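Contents: one structure, followed by commentary.
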Ligand code: DON
């Protein structure tokens, strides 16, 4: 009888253990997409419900938010190939439960062989096809160095964090609708950029539910598992990248790869109406212009104006215009140019910037230039919070969708086209219409200016809002509007994510609005003299709100994005 009892006990234990194990093993073939969840312990929201699930499985295994962010980022490199990446770069903002705020810069760098006028033809005209769609568009990738830089704050071994990504690459996963469509859209470009068709190309169109298996990528990830950052920047992978560049007449060498380093920087930290905003410093423009925008609009009674009204949209557009004019003139890699950051965000300077603001008159970008200073459609964002009060906000990018379109032969991953974020020539707009000058001119080993704005808003030094989005130059304005929507207009995170966004970036002198933007407000703005351009969706904003011990995670309806928690 005792033996029977022991046997039943053992069988029960086996079933229990194996079912727990099963819960933690990520199955790329079964997932559920939820746009809003409310949980108590931890949550991840990202462009892919599979990647969010990977992050939460790490939290459940005792990992902290940083562990979960690393695993999510690696999974996104597999299941969201248009933007999740190991061949690109990005930025993380980390808040540690003990109160420390950290910014990790893993932005791509210009290769050592890059030069200021490398995209100009003999007549001095900028050749944007070279900065956007050519092997010369590729910056030295930073994502893998960024992941290893954040390992300093992780708890679990790297092996454990990368395994779900390896499994997803090796065993495959099913494509969501947006992912399938984007692979179809990029097919011709991928065929043009690669001598051998990469795994992302197949004869018949991709459909929702199709399987994508990436064996070469799985092997590249295994080399990272076994040899750390060197498994990417040196050895077989490093050689494959350099060989690809050499074959294509690109610039990146083994030396460039070996020398790449991620940097820990001091985040931009400022008060906004009793909350502490923590965001990304240079070489992203995001944190600085977010601070400028929030502080400029706080000079008026924004809360009273309400969302989407003539008054609030006009004020916020004028604020955005001024911030972007400064971006074009002053901002660039702080390791290369002196940027007057303190002045740009000072109350006195911003007050002067707003002195010609008139709520009854449309502004214009001819009269609004940068301030006077006396002084020397693919990226992806995800948020994580854990049960202990750690939070991570990460935006990472290949720049354009699928980056340069160049897949490293034998290594199975896409290289970025981030060089286009430099100013190819003063005044010539890049793919996001952003213009720049000397501060963002190309130089060997310099980081190109970014708009990515991973942000954590703290209340009483605890995470309150974790937010970010892709969207090129619309990133800082979407983050700005999301914070205003939640803090000033008292919206729920879901309302803030769902509500139509607008965008003014100095040049072109236009207010872009999403197509479901309030029609009356559009008419009123036009009457005032504003040029309005209705465009496709703006960003894929992911938000986690932590309030009264509840964690509300919201994934943007604008994409396949999904929130997971427990
Ligand atoms: O760093 C930047 O600002 C750009 N490379 C981001 C590109 C982007 O967000 C594209 N996404 N839709």
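What the table shows:
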{"read-out": "Given (1) touching a strand residue (DSSP E or B) at 6+ places or on another chain (Cβ under 7 Å); (2) within 24 Å of residue 447 (Cα to Cα), index of the condition residue 211 fails", "value": "(2)"}
{"read-out": "All helices (runs of 4 or more DSSP H) inside segment 467-554 with 2 or more residues being within 16 Å of the ligand (Cβ to nearest atom)", "value": "474-487"}
{"read-out": "Condition broken by residue 431, with the remaining ones in (1) surrounded by 24 or more Cβ atoms within 10 Å (Cβ to Cβ); (2) in the same structural domain as residue 125 (by TED's automatic domain parsing); (3) within 9 Å of the ligand (Cβ to nearest atom) satisfied", "value": "(1)"}
{"read-out": "Selected residue (only one of 426, 444 is part of a loop (DSSP other than H, G, I, E, B), modelled with pLDDT under 95, over 22 Å from the mean Cα position of the chain (by Cα) and on the phi < 0 side of the Ramachandran plot)", "value": "426"}
{"read-out": "Total residues in segment 267-284, condition in a loop (DSSP other than H, G, I, E, B) and within 16 Å of the ligand (Cβ to nearest atom)", "value": "4"}
{"read-out": "Residue within segment 241-259 that is within 16 Å of the ligand (Cβ to nearest atom) and under 23 Å from the mean Cα position of the chain (by Cα) present", "value": "no"}
{"read-out": "Residue under evaluation residue 316, criteria (1) within 16 Å of the ligand (Cβ to nearest atom); (2) surrounded by 24 or more Cβ atoms within 10 Å (Cβ to Cβ), criterion not met", "value": "(1)"}
{"read-out": "Meets criteria (touching a strand residue (DSSP E or B) at 6+ places or on another chain (Cβ under 9 Å), within 27 Å of residue 562 (Cα to Cα) and either in a strand (DSSP E or B) or near the ligand (Cβ under 10 Å from one of its atoms) (or both)) for residue 403", "value": "yes"}
{"read-out": "Test for residue 186: is it out of contact with any helix residue (DSSP H, G or I) (no Cβ under 9 Å at 6 or more places or on another chain), part of a helix (DSSP H, G or I), assigned by TED's automatic domain parsing to the domain that holds residue 213 and surrounded by 21 or more Cβ atoms within 10 Å (Cβ to Cβ)", "value": "yes"}
{"read-out": "Residue tally, condition away from the ligand (no atom under 16 Å from the Cβ) and over 17 Å from residue 381 (Cβ atoms), over segment 89-111", "value": "8"}
{"read-out": "The listed residue being in the same structural domain as residue 301 (by TED's automatic domain parsing), at pLDDT 95 or above, more than 27 Å from the chain's Cα centre (by Cα) and part of a helix (DSSP H, G or I), out of 362, 348", "value": "348"}
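Residue-by-condition table, conditions (1) modelled with pLDDT of 95 or more; (2) within 19 Å of the chain's Cα centre (by Cα); (3) part of a loop (DSSP other than H, G, I, E, B); (4) within 13 Å of the ligand (Cβ to nearest atom):
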residue: 85; (1), (2), (3), (4): yes, yes, yes, yes
residue: 113; (1), (2), (3), (4): yes, no, yes, no
residue: 117; (1), (2), (3), (4): yes, no, yes, no
residue: 146; (1), (2), (3), (4): yes, yes, no, no
residue: 152; (1), (2), (3), (4): yes, no, no, no
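The values are calculated or read from the model by the stated rules, or taken from the named source; none is laboratory data. Keep in mind it's a predicted model, so treat the numbers as computed, not measured. Every residue, glycine as well, gets a Cβ built from its backbone with ideal geometry; the counts of neighbours run over all protein chains shown.
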